[in-house]
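Values in this text are rule-based calculations from the coordinates and carry no lab data. Since we're looking at a predicted model, the values are computed, not measured. Here the Cβ positions follow ideal geometry from the backbone for every residue, glycine too, while neighbour counts run over all protein chains shown.
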């Protein structure tokens with residue numbers, strides 16, 4: 001059933017987005033201040049580890 005497949009993919013996408021948002025929040029609140037750098041300065045190097 002195509003609709004069921006779509007729902008499965010949609011739920012997976014929501015999980016990925018939620019995980020990504022958590023990663024960004026964690027990065028901005030914990031990692032960036034510890035490094036003494038802003039999230040945007042480090043974003044380029046860190047994104048490859050996602």
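In terms of other Cβ atoms within 10 Å, 25, 2 run from fewest to most in the order 2, 25. Between residue 13 and residue 26, the distance separating the two model label sites (each 7 Å from Cα on the Cα→Cβ line) works out to 2.4 nm.
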